[in-house]
1. Residue 233 - would you say it is touching a residue at least 60 places away in the same chain (Cβ under 8 Å) and either part of a loop (DSSP other than H, G, I, E, B) or more than 26 Å from residue 29 (Cα to Cα) (or both)?
2. Quick one: which residue in 30, 78, 73, 89 is loosely packed, with under 14 Cβ neighbours inside 10 Å and either within 17 Å of residue 138 (Cα to Cα) or at pLDDT 95 or above (or both)?
3. Just to verify a result, which residue in region 175-196, among those that are of a type outside the set (Gly, Ala, Ser) and farther than 20 Å from residue 137 by Cβ, is surrounded by the fewest Cβ atoms within 10 Å (Cβ to Cβ)?
4. So, of the residues in region 124-159 that are part of a strand (DSSP E or B) and among the aromatic types (Phe, Trp, Tyr), which turns out to be surrounded by the most Cβ atoms within 10 Å (Cβ to Cβ)?
5. Being within 28 Å of residue 138 (Cβ to Cβ) and modelled with pLDDT under 80, is that true of even one residue in region 53-70?
6. Which of the residues belonging to region 123-158 are of a type in the set (Gly, Ala, Ser) and without any contact (Cβ under 8 Å) to a residue 60 or more places away in the chain?
7. Among the residues of region 145-203, how many are under 24 Å from the mean Cα position of the chain (by Cα) and within 21 Å of residue 66 (Cβ to Cβ)?
8. Only residues that are in contact with a helix residue (DSSP H, G or I) (Cβ under 9 Å, 6 or more places away or on another chain), of a type in the set (Val, Ile, Thr) and part of a strand (DSSP E or B): list them for region 160-203, please.
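The values are calculated or read from the model by the stated rules, or taken from the named source; none is laboratory data. Keep in mind that this is a model prediction, so the values were computed, not measured. Cβ placement follows ideal geometry from the backbone for every residue including glycine, while neighbour counts extend to all protein chains displayed.
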Amino acid sequence: MQTRKALMISAAVAALTMTAPTAQAADAYVSMFGGGSFLEKPHMSGVSKTHTTTTLFFTSKQSVDTSFKTGYVLGGNVGVDWGTFRTEVELGFHHNKSASKAHLKTSYSVNGYAFDGTTYSSTSRDATVASDLKLSAWSLMANAWYDFHDILPYGITPYVGGGIGFAQVKISGMLDTIKLHEKDSTVFAWQIGSGVSFPITNSMKLFADYRYFAADSVPLKLSPGFHGGDITTDFDAHTVLFGLRVNL
């Protein structure tokens, strides 16, 4: 459902922006960019509840608290320059690795009774463990940027804007000595940012910008070794990008 909603919103934004007035010359362009991704520290936690019989109720709780190292972003887009603003469709890839340690808390409890006399035990864990997690996201965004022409010399052009779309977020790697399930989820995503471009020829420009990228409430999963618990996390990143834009 979230994927369908994000696709519909992205398509609507793209359709509306592409019908902008054509009084000004419209130039198509392509661009490629790369840079650093500074992921905000996510708190990954969740509760997984399962009814197994009419009399027993199993509950699993879990949280993983760790920071992530500086990662990278790669991407590109195709767009149209309408003169004072630009609209584009962007494909990006974000990747970050965790620090070497994480604080892991899990608990597994059973409430109820068994008719056949079977006994069940509850377990819990609260420890600092080795961490080698990878958190990545593919994103497809519909962006709009406003260019402030003729306010700086040498053709330097500041711009501001943002976009909406969706991101496919994936977690993988090792926690303690157990390999996690590699599960991905697709959620709504958005970004805002600002930057400057600088012409190097009549049809080519270099650009640098800052963006805040957010994909929130991502449902993921821990492995059975951690009671098979569901977790929810956010993928919120500050990115610094450098790129090249070429008019077609």
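1. Numbers: touching a residue at least 60 places away in the same chain (Cβ under 8 Å): yes; either part of a loop (DSSP other than H, G, I, E, B) or more than 26 Å from residue 29 (Cα to Cα) (or both): yes.
When the stated conditions are applied, residue 233 passes them.
2. 78 is the lone residue from the list that is loosely packed, with under 14 Cβ neighbours inside 10 Å and either within 17 Å of residue 138 (Cα to Cα) or at pLDDT 95 or above (or both).
3. Going through region 175-196, the residues of a type outside the set (Gly, Ala, Ser) turn out to be 175-184, 186-188, 190-192, 196.
Of the ones still in play, those that are also farther than 20 Å from residue 137 by Cβ are 176-179, 196.
Numbers: 176: 17, 177: 8, 178: 12, 179: 13, 196: 16.
Residue satisfying both the conditions and the ranking: 177.
4. Keep residues of region 124-159 that are part of a strand (DSSP E or B), which gives 124-147, 157-159.
Retained after the next criterion (residues that are among the aromatic types (Phe, Trp, Tyr)): 138, 145-146, 159.
Values: 138: 17, 145: 21, 146: 12, 159: 18.
For region 124-159, the residue satisfying everything is 145.
5. Looking only at region 53-70, we keep the residues that are within 28 Å of residue 138 (Cβ to Cβ), and these are 62-70.
Retained after the next criterion (residues that are modelled with pLDDT under 80): none.
No, that holds for no residue.
6. Restricting attention to region 123-158, the residues satisfying the condition of being of a type in the set (Gly, Ala, Ser) are 124, 127, 130-131, 136-137, 139, 142, 144, 155.
Residues satisfying the conditions are 124, 127, 130, 136, 155.
7. Residues flagged as under 24 Å from the mean Cα position of the chain (by Cα) and within 21 Å of residue 66 (Cβ to Cβ) within region 145-203 amount to 16.
8. Hits for region 160-203 are 164, 178, 186, 187.
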